[in-house]
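The structure appears right after this line, and notes come after that.
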Amino acid sequence: MASDSVETEAKLGAWPGFELPIVDGVVPGLRAEAGEPRTLDATYVDAPDLRLIRAGISLRHRAGEGGPDGLWTLKLPNDADVGDGVLRRRELTVPGSNGPVPTELAVLVRPWLRTASLGVVAHLQTVRRTATLVVDPEAGGADEADGGGPVPVGSVDDDEVSVLQEGRVGARFREVEVEVVEGAPDGLLDAVVAVLRDAGAGAPDPTPKLVRALGPRALQPSDLARIDVADDASAAEVLRAGIAASVLRIVEHDAVIRADEEPEGIHQARVGMRRLRSDLKTFAPLLDTAWSEPLREELRWVAGELGEVRDRDVLGARLRDQLAVLPEPERAAAAAVLVRLAKERQRALTKAVATLDSRRYLALLDRLVAAVNEPRTLPAADAPGKDVLPGLAADAFHTLRKGARKLGKHPADEALHEARIKAKKARYAADVAVPVVGDAVKAYTKAMGALQDVLGDHHDCAVAEAWLTEATRAATRGQAFALGQLVAHQRHEADRLRGEWRAAWEAVDRKKLTAWMSG
């Protein structure tokens, strides 16, 4: 299993004659304990186009640390704002030799790598002189260590780096890194950096060693990043930003699904897929449909594969919460049946991960990234977004309105489910228009979200009732009795929501909320 932590560090350039100053006492009880110099030999791997490092990701094997075989390290961006010049990254490490990338790290970069192959892109040799920063707990600078002695709170690494090219030194540079651990005294990083600056070190520069070694190619923008648009952007620019947001949501939650860290990973990935499918449909008049429709079909396929897991996550959470309404021993009888649901989920997850490992899925990710960078829009998309997008969002809303007006006082479950799908499409279309329309959309999307919640909860009741009914076929008499009570609960809840949905709809269908669609 990979060791997982967050590193917070500042990197400062240093000239050849620079001497490390004394940092003892810059915070109460601090002292630096110098160690012996070490030689670290690092091999970095990436795709030929450096797509990992351009996305802020580095993957390396380094000999000279982590044991006799060395250490694999994956560093991932962290969005936390920690100040100018400070680098904060998630760091995962796995001991092992310089061979195939450990599986637990390879899966985390797979959605970024996609169908490209990893290869060596840089070889760095570093002579490192480390001063470990420790604090005496009696000075009040840190919590006391288990043994009652000084507490390590960070380090200062003085690195002389050689960039090797075909066995020869192609470039050299020197830098000083100051790293602090979680729980270090407040202000430690800034205090040590200030002392180093006073001694002649350069200003903090968050540029990683690998980027300095690779040069301008590593500084090129990532092929997948969030896109900001101005309020006078063209419809094509706004659509591209929407596509990028959805694709990023898919890619960023891919690893969460594989690791099964939390159910939200499946949910967020599917939201990205549904949004993108919906946008490609809603804004079809602006797109080459011979290009967009095949993408929609592939997104439908993979979303369906993930949907089996998501359905069981939602159902499991719902039924576990509702067990509380049952008296004992019915509660225990129903809980025993839910073991079956957990097994179904595990089978669905295994199938979903196999889908994510498939060549078809990885090829789809390539196509989605290409869609971000070169969407095939029609000339009509060159018009200002504020002139074009509201009308297309209005089309999605009017489709919902037409369906809603046909529903009677007691609509069938299937009809409400259809209304839910149309409500999602209408909301997604409005979300895309926000950058060029502004706050006028927000009250509408908030009300639409409330409608989705009512219709979504109603759909969950119907799904739960169907599963419980099927489960009774293989249940014992006591279990069937308990499940019957849960079925009754679903029906009661569904009836309540069936009576509430129209009020939620009328809260959306108000002129002051929809006026932005007509300009």
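At a glance:
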| item | result |
| --- | --- |
| Proximal aspartates and glutamates to LYS409, defined as alpha-carbon separation beneath 12 angstrom and excluding residues fewer than eight positions away on the same chain | ASP495, GLU500 |
| Length gained when the stretch ARG510-VAL339 is fully extended (0.36 nm per residue, less Cα-Cα span) | 57.0 nm |
| 14 Å cut-off, amide nitrogen to a point 7 angstrom out along ALA106 Cα→Cβ, residues in the stretch 338-368 | 357-359 |
| Derived scalar couplings ³J(HN,Hα) [the stretch 335-348; Karplus, 6.51 cos²θ - 1.76 cosθ + 1.60; whole Hz; x for Gly, Pro] | 4, 4, 5, 5, 4, 4, 5, 4, 5, 4, 5, 5, 5, 5 |
| Per-peptide average of other Cβ atoms within 10 Å, ordering 155-161, 114-120, 504-510 highest first | 155-161, 504-510, 114-120 |
| Straight-distance crosslink candidates among lysines, where the alpha carbon sits under 25 Å from LYS351 and sequence neighbours closer than 8 are dropped | LYS343 |
| Shape of the stretch 350-424, Cα gyration tensor, a/c cut at 1.5 | oblate |
| Förster-model FRET efficiency, 30 Å R0, SER117 and ALA284, C-beta, rounded to 0.05 | 0.25 |
| Debye, to nearest 20: dipole size of the chain, +1 on Lys, Arg Cβ, -1 on Asp, Glu Cβ | 3060 |
| Using a Förster distance of 51 Å, the FRET efficiency for ARG491-GLN220 (Cβ separation, nearest 0.05) | 0.30 |
| Projected label distance in nm at ARG360 and ASP136, using a 7 Å step from Cα toward the beta-carbon | 6.8 |
| Simple label model, 7 Å out from Cα along Cβ direction - ARG300 to SER518, nm | 3.4 |
| Kirkwood Rh and Cα Rg combined as Rg over Rh, evaluated for the chain | 1.05 |
| Span per principal axis, largest first, for the Cα atoms of the stretch 367-476 (Å) | 63, 37, 23 |
| Rough spin-label spacing in nm, given labels placed 7 Å along Cα→Cβ, for ASP231 and ALA440 | 1.1 |
| Spatial separation of Cα centroids for the stretch 214-240 and the stretch 256-328, in angstrom | 26 |
| Alpha-carbon gyration tensor eigenvalues x 5, square-rooted, for the stretch 219-291, Å | 25, 16, 10 |
| Chain lengthening between ALA474 and ALA259 when straightened (0.36 nm per residue, less Cα-Cα) | 74.2 nm |
| Peptide ranges 64-75, 166-177 listed from the most packed, as the mean C-beta count within 10 angstrom indicates | 64-75, 166-177 |
| Per-residue HN-Hα couplings for the stretch 226-233 [Karplus 6.51, -1.76, 1.60; θ = phi - 60°; Hz; x = Gly/Pro] | 5, 10, 8, 10, 7, 6, 9, 5 |
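Just so you know, all these numbers are worked out from the coordinates, no wet-lab data involved. Everything numeric here is computed off the predicted structure, so don't read it as measured data. All Cβ positions, glycine included, derive from the backbone under ideal geometry; neighbour counts span all protein chains shown.
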